[in-house]
Amino acid sequence: MYTALVTSYISKCIDDVTLSKTITIRANQKPWMTAEVHALLRSHDSAFRAGDKAALTTARAKLSQAIRGAKRAHAQLIHSYFQDSGDTWRMWKGIQHVTNYKTTSPDCAGDASLPSALNNLYARFEAENDMAARKSTSPANDQVLCLSVADVRRTLCRVNPRKAAGPDNIPGRVLRGCADQLAGVLTDIFNISLSSATIPTCFKAATIIPVPKKSSVSYLNDYRPVALISIIMKCFERLVMRHIKTLLSPSLDPLQFAYHPNCSTDDAIATT
């Protein structure tokens, strides 16, 4: 209940300060088009329809200046994508802008029963999970992990803001921007969960997104289920994982490449 109240209050604050905006994008719209250029273009059209030559000359000059500035800003944005060679996401983003690459949505079958079949397929995970959770008895000399506020704040600051939110609808941008304000209460929730050896129920929920595996889908097996869990729960898992890895490092095989930082399948192939 405590965790649910905290996440609900965070969602309420997000709804109170978030502004809804409708953006219309046309197929032939230039990538450098901005709201300022749109406004000046409307003023130019109004002066042309009114037949006011003086106003039309002024509007044409302002429109040309705004277009040059928008193109210059767009070029600087494209150049910024290639400044850091280590950020592959921004590099691919720049290539997509340069090549005007646009993704196409896969064609779904016209069968109206497919969405219902997908819903029934994924709903079985919740229907079959009717076993009550049982808490195991901890040893008398067992030391429970206790997280610090600094560790939680550091983990929140490293959240990727582009990650999709889970069922709680709390985006990573909020957790990263409000890390100082949320670190204390989330540390309290994490430590209570560790001491009681239970996971809050709201952290166990997941939103399953069916992602098509090929361009044309017609069967249930053509979809790959991707489960979106709460980003707060991901941060909790990352903190516990970091603690476990510090305990297992001396006992790990030097030829193990999985779950090792800076190791990949290429290293395994090269070693072999």
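Looking at PRO261 and the list (1) surrounded by fewer than 10 Cβ atoms within 10 Å (Cβ to Cβ); (2) in a helix (DSSP H, G or I), which single condition is not satisfied?
(2) is the only condition that PRO261 fails.
Taking helices (runs of 4 or more DSSP H) that do not extend beyond the stretch 134-213, which have at least 3 residues that are buried (at least 16 other Cβ atoms within 10 Å of the Cβ) and in contact (Cβ under 8 Å) with a residue 40 or more places away in the chain? Lay out the reasoning, then the answer.
Numbers: elements: 149-157, 172-177, 179-196, 201-204.
The qualifying helices (runs of 4 or more DSSP H) are 149-157, 172-177, 179-196.
So which helices (runs of 4 or more DSSP H) are wholly in the stretch 27-105 and hold at least 3 residues that are small (Gly, Ala, Ser)?
35-50, 53-80
Out of all the residues in the stretch 219-228, is one or more touching a strand residue (DSSP E or B) at 6+ places or on another chain (Cβ under 6 Å), within 30 Å of ASP142 (Cα to Cα), at pLDDT 85 or above and assigned to a strand (DSSP E or B)?
Among the residues of the stretch 219-228, not one is touching a strand residue (DSSP E or B) at 6+ places or on another chain (Cβ under 6 Å), within 30 Å of ASP142 (Cα to Cα), at pLDDT 85 or above and assigned to a strand (DSSP E or B), which makes the answer no.
It is to be established whether one or more residues within the stretch 124-135 are at pLDDT 80 or above and farther than 27 Å from PRO225 by Cβ.
Within the stretch 124-135, none of the residues are at pLDDT 80 or above and farther than 27 Å from PRO225 by Cβ.
I'd like the residue in the stretch 215-225 that is open to solvent by less than 80 Å² (accessible area, probe 1.4 Å) and in contact (Cβ under 8 Å) with a residue 12 or more places away in the chain and, out of all such residues, is farthest from LYS163 (Cα to Cα).
Of everything passing the filter in the stretch 215-225, SER218 is farthest from LYS163 (Cα to Cα).
Taking ALA4, is it at pLDDT below 90, open to solvent by less than 100 Å² (accessible area, probe 1.4 Å) and either assigned to a helix (DSSP H, G or I) or farther than 30 Å from ILE189 by Cβ (or both)?
yes
Got a sec? Which of ALA50, ALA70, ALA39, ALA59 is open to solvent by 60 Å² or more (accessible area, probe 1.4 Å) and among the small types (Gly, Ala, Ser)?
Unique residue meeting the criteria: ALA50.
Give the residue that is farthest from THR7 (Cα to Cα), with candidates limited to residues of the stretch 226-258 that are open to solvent by less than 60 Å² (accessible area, probe 1.4 Å) and touching a helix residue (DSSP H, G or I) at 6+ places or on another chain (Cβ under 7 Å).
Selected residue: PHE257.
The values are calculated or read from the model by the stated rules, or taken from the named source; none is laboratory data. Small disclaimer: the values here were computed from a predicted structure and weren't measured. Cβ coordinates were reconstructed from backbone atoms using ideal geometry, including for glycine residues, and neighbour counts include every protein chain displayed. We work out accessible area using only protein heavy atoms, side chains counted, and drop any ligands, DNA or RNA first. Shrake-Rupley method; radii C 1.70, N 1.55, O 1.52, S 1.80 Å.
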